[in-house]
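S.K.: Dropping a structure here in structure tokens format, bear with me for questions.
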Amino acid sequence: MIAHEGEITISAVAIAAKVSRRTIYTHWGTVEDLVADSIFEPHEQGERAEFLAIYKDPLRLLPAMVRELQGHRDKVSAD
């Protein structure tokens, strides 16, 4: 996961993607929008909008989401 001191930042994403911060800001505008776009497919814009309306700060959800995905992956590996 792209993070700097436990936080996802536009700078960290830009460095990892080897693009300028301006490119990231132009495409997404905020870290919250970037996170939402990483979760939802383009055809799920209604779900994305609802997600952002409910979770004003989706970044705080990432640790729980990562744990859930890891648990799912562990379960699939065990089967």
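S.K.: Give a residue-ordered list of calculated ³J(HN,Hα) values for the range 13-19 (Karplus: 6.51 cos²θ - 1.76 cosθ + 1.60, θ = phi - 60°; whole Hz; x for Gly, Pro).
M.R.: Couplings: 5, 4, 5, 5, 7, 6, 10 Hz.
S.K.: What is the sum of charges around P42, taking Lys and Arg as +1, Asp and Glu as -1, for the other residues whose C-beta is under 15 Å from the C-beta of P42?
M.R.: In short, -4.
S.K.: Still on this model: How charged is the neighbourhood of W28? Take every other residue with its Cβ under 14 Å from the Cβ of W28, and add Lys/Arg as +1 and Asp/Glu as -1.
M.R.: Its environment carries a net charge of 0.
Each value in this text was obtained by applying a stated rule to the coordinates, not by laboratory testing. No experiment lies behind these values; they were computed from the predicted model shown. Note that each Cβ is placed from the backbone with ideal geometry, even for glycine, and that neighbours are counted across all protein chains shown.
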